[in-house]
Structure formats: C-alpha cells, structure tokens
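The values are calculated or read from the model by the stated rules, or taken from the named source; none is laboratory data. None of these values were measured; they are calculated from a predicted model. Glycine also receives a Cβ, built like all others from the backbone with ideal geometry; neighbour counts cover every protein chain displayed. Side chains included, ligands, DNA and RNA excluded: accessible areas come from the protein's heavy atoms. Shrake-Rupley method; radii C 1.70, N 1.55, O 1.52, S 1.80 Å.
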Amino acid sequence: MKFQRKVVLAVALLAFFVSPALAANVQFLSTNDMHSRLYSGKNAKTQEITSGFAKLRTAIDIAKKEYKGDTLVVSGGDYTEGFFYYYFKGTPEATASNMVGYDITTVGNHEFDAGGEEFVRFLNILKYPMISSNLTFKDPDLNKKVKRTHIIKTKSGIKVGFFGM
C-alpha cells in the first residue's frame, strides 16, 4: 500500500511540474515582402484595406488580444523596395517595422538594393535582431550586425530556435 501511495504521489508531482510546459501556448505571426508599403492600400473591387504597416500592427494587436498565450512576431525580410526606399534609404521602413513589434527577422533580397552601406544604416535603426545562417559579408560592419547562427527566444517557458536562410 505504501508503494502505491509513493507511485501516486510521484505521478501527481510529475504532472504538476510537467503540465505548465505542456499547457504553454505560443502563437507565431509571420510576415514577409512588405516592399515599402508604408501606407494602406485598398482592393479596387472590395474597397477593403489590404496593406500597410499600420494595418499590420492593428492585425497583430487584435491577434495578441484574442490569443490567451504568448506571441512571437517574425519576418522573412524584404521590407524595402521602390520609391520610398530609394529616396529615404530604408529609414521609414525600419522605423515602421520597429512600430510593428517584430521579435526577429531574416534578410530579404531587397535589403541589398542600395548596397551594403545603406543596409548597415537600415540595420542600425532596427530594434530587434536580424539573422542569416547562410550569408557571409565582405563588409565587417554587416557581419557584426547580422547574427550568423541562430537565436533562441523563450516564451511561456518554451525555447524556440530561429535561423534565417
């Protein structure tokens, strides 16, 4: 009888310590290819607002409010392209992406459109890390700014690993 009590107690303790980890909830919200869409645009047929960093931030805020767990907001890059980027060299896009509240991003191909020097300028504005596991830069400043391996984020007690390709 004492053996059974010990087993029941051990199982109960195990369930007590393991259940929070199993009950942890983490939602992932991911974007890519914003392509300098700083302002909202409307669908010509439906008149629905379909783009823009403000629309994105609103959608993220709603998703976080409705979800009962933690949230990680990630991006596949390509923030920049077109008129705003060539004229302002990525400052509005980097500033707007900071306001979105990303946790982590990777390098998109359009981040190089104005060259390495402008890319470093863009990276200096970002308030969250950028990773790329498969790029090595000749520019030492870029190698310092873009994390080359991986990043681990912890949410709800769960470790989540990210690497960028």
Applying the gyration tensor rule to the Cα atoms of the chain (axes a ≥ b ≥ c; rounded if a/c under 1.5, else prolate if a/b exceeds b/c, else oblate), the class is oblate
Where a ≥ b ≥ c are root eigenvalues of the Cα gyration tensor, a/c under 1.5 meaning rounded, otherwise prolate if a/b exceeds b/c and oblate otherwise, segment 124-164 counts as oblate
Taking Cα pairs closer than 8 Å and at least 6 residues apart, the relative contact order of the chain in percent is 20
Taking protein heavy atoms only, a 1.4 Å probe, and rounding to whole percent, the accessible area of the chain owed to carbon and sulfur comes out at 60
The answer for the chain, accessible area per residue at 1.4 Å probe in Å², is 63
hull vol. (C-alpha, convex hull) per residue for segment 69-165, Å³ -> 89
With +1 on the Cβ of every Lys and Arg and -1 on the Cβ of every Asp and Glu, the dipole magnitude of the chain about its Cα centre, in debye rounded to the nearest 20, is 1060
Note to self, the chain gives a 222 nm [θ] from helices alone (DSSP H runs n ≥ 4, -39500 (n - 2.57) apiece, / all residues, nearest 500) of -12500 deg cm²/dmol
GNM on the chain, Cα springs under 10 Å; top mean-square fluctuation among Glu93, Glu111, Glu66 goes to Glu66
